[in-house]
């Protein structure tokens, strides 16, 4: 799995590409931690649009990142998960972290 951090105006975005599973989770968390320590963002968005698969290890990465960022006063959000990753997030009760506007429109109908 690959990670691509981008920082602008207080917001850190980390894009994940590939499979976020047990084998990739530690590296993903290291990448998020390193970027957060470098930029000290007020907000962090994990962009999941490039994922081909995510399991409960991805959920653990998101929860650990949320805990780490909350300790510094930063907010964590998740954007653009593919359908499979979206289902995993919903089953884990993490839908509130999604910032996908299409999802909000569907929920408001």
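Residue-wise test of (1) under 19 Å from residue 71 (Cβ atoms); (2) out of contact with any strand residue (DSSP E or B) (no Cβ under 6 Å at 6 or more places or on another chain); (3) surrounded by 15 or more Cβ atoms within 10 Å (Cβ to Cβ).
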position: 6; (1), (2), (3): no, no, no
position: 17; (1), (2), (3): no, no, yes
position: 21; (1), (2), (3): no, yes, yes
position: 29; (1), (2), (3): yes, yes, yes
position: 32; (1), (2), (3): yes, no, yes
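I'd like the residue in the stretch 34-51 that is more than 14 Å from residue 70 (Cα to Cα) and touching a helix residue (DSSP H, G or I) at 6+ places or on another chain (Cβ under 9 Å) and, out of all such residues, is surrounded by the most Cβ atoms within 10 Å (Cβ to Cβ).
In this case the residue turns out to be 46.
Taking residue 57 and the conditions (1) touching a strand residue (DSSP E or B) at 6+ places or on another chain (Cβ under 8 Å); (2) without any contact (Cβ under 8 Å) to a residue 12 or more places away in the chain, which numbered condition does it fall short on, given that it satisfies the others?
Only one criterion is unmet by residue 57, namely (2).
Every number in this text was worked out from the coordinates using simple rules, so none of it is lab data. None of the values given here were measured: they were computed from a predicted structure. Quick reminder, even Gly has a Cβ in these numbers, built from the backbone with ideal geometry, and neighbours come from all protein chains shown.
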